[in-house]
1. Take the conditions assigned to a loop (DSSP other than H, G, I, E, B), closer than 30 Å to C:Pro395 by Cα and in contact with a helix residue (DSSP H, G or I) (Cβ under 6 Å, 6 or more places away or on another chain) and apply them to C:Thr327. Does it pass?
2. Condition first: closer than 17 Å to B:Thr40 by Cβ and small (Gly, Ala, Ser). Now tell me which residues in the range B:177-223 satisfy that.
3. Checking the structure you have, find out if any residue of the range C:33-42 is more than 22 Å from the chain's Cα centre (by Cα) and farther than 27 Å from C:Val108 by Cβ.
4. So in the range C:352-361, with the set limited to residues that are facing chain B (nearest Cβ under 7 Å) and open to solvent by 30 Å² or more (accessible area, probe 1.4 Å), which one is farthest from C:Asp304 (Cα to Cα)?
5. Take the range C:70-87 and flag every residue that is within 12 Å of chain A (Cβ to nearest Cβ) and either buried (at least 19 other Cβ atoms within 10 Å of the Cβ) or touching a Pro at 6+ places or on another chain (Cβ under 6 Å) (or both).
6. Residues in the range B:37-55 that are more than 14 Å from the chain's Cα centre (by Cα) and surrounded by 15 or more Cβ atoms within 10 Å (Cβ to Cβ): how many?
7. Quick check: is even one residue across the range C:88-98 part of a loop (DSSP other than H, G, I, E, B) and without any contact (Cβ under 8 Å) to a residue 24 or more places away in the chain?
8. Can you tell me how many residues within the range C:112-152 are surrounded by fewer than 20 Cβ atoms within 10 Å (Cβ to Cβ) and not in a helix (DSSP H, G or I)?
Amino acid sequence: MADSMAQAAPQDGETRRDFLNLVTASFAAVGVGALAWPFISSMNPARDVLALASTEIDLKPIATGSAVTVMWRGKPVFVRNRTAQEIQAARQAPMSELKDPQADQARVKKDNWLVLVGVCTHLGCVPLGQKPTDPRGDYGGWFCPCHGSHYDTSGRIRKGPAPANLAVPDYTFTSDTQIRVG
Amino acid sequence: MMPALRILKAVAVAAGLLAGAGLAAPDARAAGEAIHLPDTRFSFEGIFGHFDRASAQRGFQVYKEVCSNCHSMRLLSYRNLRDLGLSDAEVRAIAASYQVQDGPNDEGQMFERPARPSDRFRSPFANEKAARAANNGALPPDLSVIVKAREGGADYIHALLMGYEDPPAGMTLMPGMNYNKYFAGHQIAMAAPLSSEGQVEYADGTKATVDQMVTDVATFLAWAAEPELEQRKALGVKMVIFFTVLGGLAYAVKRKIWADVH
Amino acid sequence: MASGLHKSEVQNPVLRWIDARLPVVTMMQKEYGTFPTPRNFNYFWNFGALAMVNLLIMIATGIFLSMHYTAHVNYAFDSVERIMRDVNYGWLLRYVHANGASMFFIVVYIHIWRGLYYGSYKAPRELLWMLGVVIFLLMMATAFMGYVLPWGQMSFWGATVITNLFSALPLIGPDIVVWLWGGFSVDNPTLNRFFSLHYLLPFVIFGVVFLHVAALHITGSNNPLGIDPKGPQDTLPFHPYYTAKDSVGLVAYFAFFAILVFFFPNMLGHPDNYIPANPLVTPPHIVPEWYFLPFYAILRAVPDKLGGVVLMFASIAILFVLPWLDTSPVRSMRFRPLARPFLFTWLVAFFVLLYCGGKPAEEPYVTVSRVATAYYFLYFLVILPLLGRLERPLPLPESIAKPVLRGGGPLPAGAMAKPMEKA
């Protein structure tokens, strides 16, 4: 709008008018920009959603060798109480074989408790392996049926299209038998 | 102009004036008996209004110890109390002092657990029927947005809580009712909830006069109804300044452009 | 250039490529750039543009609100309060939307008044005017259904009372009402369909607005003198003159809007709508939103149920035939010394009705409403048709340019009416 205003009537004081138009147009542009922000921001998670962003999980009922799935931020969280063999298998895997190299020790807070976001890093399916009857893939961890990704007993990607290990969420042990995720 | 038309014109003007008078006259005796509310000065009034945090915190204490025995505030969560200046630990402690229902657990049973900050305020009654049964058939209204839901807002809350009196001579109250100067119809089921000095013991040492408690709880309820008020007014001031400047600029541009036309 | 392409005069190659195939740039330039516009608009002519902006604001805020709103009787009230408390800037979106409805009616009422005063409804703009009345009706329907969505006490009882208007229709009335409700009272099916229609109608309005503007660009705008432009000396290109002038009005409008939203967001609402809907308890004093009050007063002025409904709808329907009721060849009230006071009296009657509509249905409001209602119709049905014959209008200026060139600045109506001398 501002540029053609200047053409409208060229006469003395044109520079002053150009400047005035520029200031006005910038001001209006800032206003429109500021106006857009509340709309964009309103689509971000609301305060009540953020307030529910942490979940507490009781570990007592989870026997060695079994796992539970808990809902956290609308996604499954896998909590597995690993057996000694599983821990050993995870720690013996040579780093050179890993697609996304990461030591098992860096992925757990207590050796037997493995906590993972149960979402395949390929395209977001939930891998199988939580139930005793589930297929657990070639490496004894999890197997994603959508596109055939195999995860090991540390939740690391070993085979298949997924680019990264299953994510470890932020969590803390609030007591020996309870963790808080998020 | 023809005389006949001049008369017509006069009639039209007269009709207009009459109609205007009709507009003004009935205003004097407004519908029914209008109750005039005394104006209480609150910190959150005016363009730069803000909530007096200390007062609102005391008001929460009054709500917690007195009002919450009958009145729910189901739209508020314990986490909201952080906005009143309570620390995260204080909010967790307040929440944990309430048991709320959760479940079902793995056995399919509902169970009680201490509330978390993300939980809504626990309601004193399970449902409306239970609330009525416990209150002689009267329903204590939810207080979440009560300040927005009453003509007069916080002034009304203040006036109502201060408005308990002996009924005027000749007036018989229905059983279980109380006389209140500011309640529509003057008969209110709620007995004066804040009636004696020191009914609540304030942690900050403020003297708990009835007026102090009432003002505090009205402040708390005003905050509960409009938690966005401070942000809203602060943004409003900025917007008005912005539009004033932009208006001046736009007018200057318009004057320049039109200069060669006039 | 291949045949069949539009001969674009746009310089920018990309725009030119598009313009040759779909001449939107040429069209915008023609309709909003060089579009010849009478040079003597006053600020009343801002309000069409303001209404357009207001419609866009309502659609934008509405779309974002609907991302958080739940159209169910058990959740509607709480979802609105969640918008107010938890959604980022949700309070702003909702208050802009709620007060935007009031702003829309303020703007459109002034826009309609402009049309009434300057005779914008007269030939050749009859269809333009009628499309405007259609927009007004659609706005009323949209606003009414929008007010139901928060599912407060006023939402519920407003919906009940207004839908019950249709029960006044003989024979089919009760069935129509059940059909509107989708049940035996205002309930969840009603809320759902109102939400659906409330989302749909603004886009219908947008379509009719497009026709309204298209019709305007055929006949050209009316102007405060009500005389047709006689040549280029009487007009100015729309841009930059009226884009600049509309911008001034737009900023003033935003400032007023902002004061309402940020400092008095609930002033035009009703406290009872913050009480969740309760089908068992009617609030002691129910009123529609302020912008419906004049018509509500007309409804209540008639002691007969069907009569009241008919008269209320007639009060708007009469606007459709206004171009033919007003028989005077002169458009602008500036040159109609008799009609002008009658029109101002009509305006007073309108405000009286607005006031009485908000008061309880008791004396003296009933009688006052009746007098005002009678005048409302008398003005359109008797006074205007008669005045076209009886009134001798003041002499019209020769052209739009003359009075402006003569002195500069606005002249009093009387001065302009004097026979014009050459400047």
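The values are calculated or read from the model by the stated rules, or taken from the named source; none is laboratory data. All values reported here derive from a predicted model rather than from experimental measurement. No Cβ is skipped: glycine too gets one built from the backbone with ideal geometry, and neighbour counts run over all protein chains shown. When the accessible area is computed, the model is the full protein with side chains, heavy atoms only, and any ligands, DNA or RNA have been set aside. Shrake-Rupley method; radii C 1.70, N 1.55, O 1.52, S 1.80 Å.
1. Yes; evaluated as a whole, the condition is true for this residue.
2. If the condition is that a residue be closer than 17 Å to B:Thr40 by Cβ and small (Gly, Ala, Ser), then B:Ala218, B:Ala222 are the ones that fit.
3. Among the residues of the range C:33-42, at least one is more than 22 Å from the chain's Cα centre (by Cα) and farther than 27 Å from C:Val108 by Cβ, which makes the answer yes.
4. In this case the residue turns out to be C:Tyr355.
5. Of everything in the range C:70-87, those that are within 12 Å of chain A (Cβ to nearest Cβ) and either buried (at least 19 other Cβ atoms within 10 Å of the Cβ) or touching a Pro at 6+ places or on another chain (Cβ under 6 Å) (or both) turn out to be C:Ser79, C:Glu81, C:Arg82, C:Ile83, C:Met84, C:Arg85, C:Asp86, C:Val87.
6. 5
7. For the range C:88-98, residues part of a loop (DSSP other than H, G, I, E, B) and without any contact (Cβ under 8 Å) to a residue 24 or more places away in the chain: present.
8. Adding up the residues that qualify gives 2.
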